[in-house]
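To start, the structure under review is shown below, and the notes come after it.
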Amino acid sequence: MVYRNFRLRIIIRIILLIVSIFAFFYIINNRDFNITPVLIGMVVVLQIFSLIHFLESTNRYLTHFLESIRYSDFTRSFQIEGLGKAYDGLKEAFNHVIEDFQKIRAEKEANFHYLQNVIQHIAISLIAFKKNGEVILINNAAKRLLKINVLKDIEALNSFSTDFLKCIKKLRNGEKTLIKVRSDDDLLQLMVSAKIFKLYGHNISLISIQNIQTELEAQELEAWQKLIRVLTHEIMNSITPISSLTATVSHILDDIDTTDNIPQEIDDETVIDIRSALSTIHKRSTGLIHFVETYRNLTKIPKPDFKIFKVSELFENIEKLMHESLSKNEIVYIADVQPESMKITADEQLIEQIIINLLKNSIQAMEAMKKGRIILKASIGLRSRAMIQVIDNGPGILPEVLDMIFIPFFTTKQNGSGIGLSLSRQIMRQHGGTITAHSVLDKETTFTLKF
């Protein structure tokens, strides 16, 4: 007989068990029966075990449910029929949870395949390996770069390049470096960076590799072209008049007849012309020598002597040095350090040289202005990087000029050497920092030093 209600089944089983127990003791008291008490006793035991088994059905459902979650087996469904509304709700809850897990698993698998496709198709080479050298990920870009099909142990890269292997093994979290590798007569310029994280208790090193040889060659070529344009411009400015004047002097001397060995007088006008030509030649030659000496100085920047110093003290020294020029040109000068206790690690003399050069440029740009203003500002920028800015309200820098102001010997000043900003950039590079310029015409120009 099938009962459709769990409670009714329990009640009926208990009543049957009580009746069976009552019958068992009744027959025992009646000594006329010998085998019947044994049979009834067995029935009682069976009823007890059946009742226990029936009551433990919920535990079995829960066990199956938890095992499905433990082993990620979400293919089964739970059919609990005929046990009443309470168990109908339990069945629905079980199946809803299973369906949710199925959706989550499907989404995870879809995301996993998506990320795998992205990793395999990006142009940046990626390698991930454990501390023991076991490689857990390598994408197609890395296989092409390293010219391998399979990589199971990072030590196998020794055949590609010993220096490259040492490099990626010693990189710390967040570090990056540039390494040259020669492979099959090709010179590779590799930018290598590392990210170290923990996964399931293992330290995983994720190495990204970019071959920037082409980009470096393009930038190097562009830099050489710009430098050559400036050099040829300066050299031609000196060589052209020298060549012209020597030709003029040569023509003057050609008019003097020296074939008869008779001394000849040279008129005053000819002497003046020759002296003028020689003077100009001397002047242009001296200028050319000065230009070459300046170029040599550009390549002899001293190494920074790094020390920790307060920015406010640096600003005070600069104000004392520039006070006369600022007052003479009636320029409002504002120095601002936030926080006031801000310190940086750098070569104080070299940084002072950069700032003074920038202040002089600003003062020269505002010579014909009224109400000129210069702000020297120090603060902590994004990513906790120290930053010094020189801001003026001068006429500004033209956009086409802004891209060229850091090129050696490029200048817009009549008497400028064109090496000040180039030197400043080289000094900042030696400090591991940058110098950039931003300008809005007739409003504001800002030079920013980031350390």
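Things to note:
- Any hit, segment 374-394, residues being part of a loop (DSSP other than H, G, I, E, B) and among the acidic types (D, E): no
- Number of the condition not met by Q47 [criteria: (1) outside any helix (DSSP H, G or I); (2) surrounded by 12 or more Cβ atoms within 10 Å (Cβ to Cβ); (3) modelled with pLDDT of 80 or more; (4) out of contact with any Phe, Trp or Tyr (no Cβ under 8 Å at 6 or more places or on another chain)]: (1)
- Filtering segment 318-340 to residues that are exposed (fewer than 15 other Cβ atoms within 10 Å of the Cβ) and outside any loop (DSSP other than H, G, I, E, B) leaves E319, K320, L321, H323, E324, S327, K328, V332, I334, D336.
Matching residues to (1) among the hydroxyl-bearing types (S, T, Y); (2) at pLDDT 85 or above; (3) in a helix (DSSP H, G or I):
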position: A123; (1), (2), (3): no, no, no
position: V135; (1), (2), (3): no, yes, no
position: K198; (1), (2), (3): no, yes, no
position: R229; (1), (2), (3): no, no, yes
position: T232; (1), (2), (3): yes, no, yes
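- In segment 186-196, the qualifying residues are those that are surrounded by 11 or more Cβ atoms within 10 Å (Cβ to Cβ) and either charged (D, E, K, R) or modelled with pLDDT under 85 (or both), and the one that is nearest to F129 (Cα to Cα) is K195.
- Residues that are free of Cβ contacts under 8 Å to residues at least 12 places away in the same chain and either within 24 Å of T412 (Cβ to Cβ) or open to solvent by less than 80 Å² (accessible area, probe 1.4 Å) (or both) within segment 341-398 comprise just one, A368.
The values are calculated or read from the model by the stated rules, or taken from the named source; none is laboratory data. Only a predicted model underlies this, so the values are computations on that prediction, with no experimental measurement involved. With ideal geometry, Cβ positions are generated from the backbone for all residues, glycine too; neighbour counts draw on all protein chains shown. Ligands, DNA and RNA are stripped out before the accessible areas are found, and what is left, the full protein with its side chains, is counted by its heavy atoms. Shrake-Rupley method; radii C 1.70, N 1.55, O 1.52, S 1.80 Å.
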